[in-house]
1. Answer yes or no: is there a residue in segment 87-103 that is in contact with a strand residue (DSSP E or B) (Cβ under 7 Å, 6 or more places away or on another chain), modelled with pLDDT of 95 or more, part of a helix (DSSP H, G or I) and crowded, with 16+ Cβ neighbours inside 10 Å.
2. Of the residues that sit in segment 12-41 and are surrounded by 10 or more Cβ atoms within 10 Å (Cβ to Cβ), part of a helix (DSSP H, G or I) and more than 19 Å from the chain's Cα centre (by Cα), which one is modelled with the highest pLDDT?
3. Within the set of pairs 6 or more residues apart or between chains, which connect a residue that is among the polar types (S, T, N, Q) inside segment 128-155 to a residue that is loosely packed, with under 12 Cβ neighbours inside 10 Å and in a helix (DSSP H, G or I) with Cβ atoms less than 9 Å apart?
4. Return the residue satisfying two criteria in turn: it lies in segment 162-202 and is among the β-branched types (Val, Ile, Thr) and surrounded by fewer than 18 Cβ atoms within 10 Å (Cβ to Cβ), and of such residues it is farthest from His83 (Cα to Cα).
5. When segment 164-195 is examined, which residues are found to be of a type in the set (S, T, N, Q) and either closer than 23 Å to Leu211 by Cα or under 17 Å from the mean Cα position of the chain (by Cα) (or both)?
Amino acid sequence: MRLLLALVSVVLLTGAAPRRDWNAVATKTPAGAYVIGNPAARVKLVEYASYTCSHCAAFSGDSEAVLHKQMIASGSTSLEIRHFIRDKLDLAAAVLARCTGPKGFAGTTAAIFAAQPSWLQRGIDFQQANGARIGLYPTQAQLRANADGAGLTALVKARGLSDAAIGACFADQAEIDRIVALTANAPSEIDSTPTFYVNGKRAPHAAWKQLEPALRAAGAR
């Protein structure tokens, strides 16, 4: 009888307090980067990333099932994404990813990387055909035009972002300056993307299959 009551208590307690999915949590640092996951995680992974970087896109897809759905979701690991802007399309993508706010940032980032083969080539073609004309626009209008031409705007609209909200984000020069500052303030040792730091220590340039053991060794689960 006592054993039965104990089992019932465990079931009731489990039902009353489901495990939190930290993958759905994002916070903004004072510098403007986004931290996905438990801010107090034992393992802190920092990634300097570019949305136009094919290796960054590959890492995003390869790491999703374990990094996001296990390590970050469990609360053992957090991922801080610091933008390392390489070109105007990269900056336009960063503006749109952040436009979805902390709750939407991780999902939008994954969606942008997943669709990179289509929107990046489309954006390059658009720039080649319209670069001279767009170059006469103010900087904010140039970013919006590139986002529209690449199909990035349509991508985030499909995720629920309104045209008015998108327009407001491209008009926010202070936020654009924060994104650019993340690149300007990056350590001088960063010469390519993605570049990773695990608990403050730079990890060797590696794909997910090489980085995963380093995270496991640091305590990710």
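The values are calculated or read from the model by the stated rules, or taken from the named source; none is laboratory data. These numbers were taken from a predicted model, which means no experiment stands behind them. Here the Cβ is made from the backbone with ideal geometry for all residues, glycine too, and neighbour counts use every protein chain on show.
1. Let us first name the residues in segment 87-103 that are in contact with a strand residue (DSSP E or B) (Cβ under 7 Å, 6 or more places away or on another chain), namely 94, 102-103.
From what is left, the residues that are modelled with pLDDT of 95 or more are 94.
Applying the additional criterion that residues be part of a helix (DSSP H, G or I) yields 94.
Filter again for crowded, with 16+ Cβ neighbours inside 10 Å, leaving 94.
Looking for residues that are in contact with a strand residue (DSSP E or B) (Cβ under 7 Å, 6 or more places away or on another chain), modelled with pLDDT of 95 or more, part of a helix (DSSP H, G or I) and crowded, with 16+ Cβ neighbours inside 10 Å, one finds at least one in segment 87-103, hence yes.
2. Across segment 12-41, the extreme among qualifying residues is Thr14.
3. Correct list of pairs: Thr139/Gln173; Gln140/Gln173; Thr153/Asp163.
4. Initially, segment 162-202 is screened for residues among the β-branched types (Val, Ile, Thr), giving 166, 176, 179-180, 183, 190, 193, 195, 198.
Pick out the ones that are also surrounded by fewer than 18 Cβ atoms within 10 Å (Cβ to Cβ) and you get 180, 190.
On the way: Val180: 8, Ile190: 12 Å.
That would be Ile190.
5. Filtering segment 164-195 for residues of a type in the set (S, T, N, Q) gives 173, 183, 185, 188, 192-193, 195.
Thr183, Ser188, Ser192, Thr193, Thr195 - these are the residues of segment 164-195 that are of a type in the set (S, T, N, Q) and either closer than 23 Å to Leu211 by Cα or under 17 Å from the mean Cα position of the chain (by Cα) (or both).
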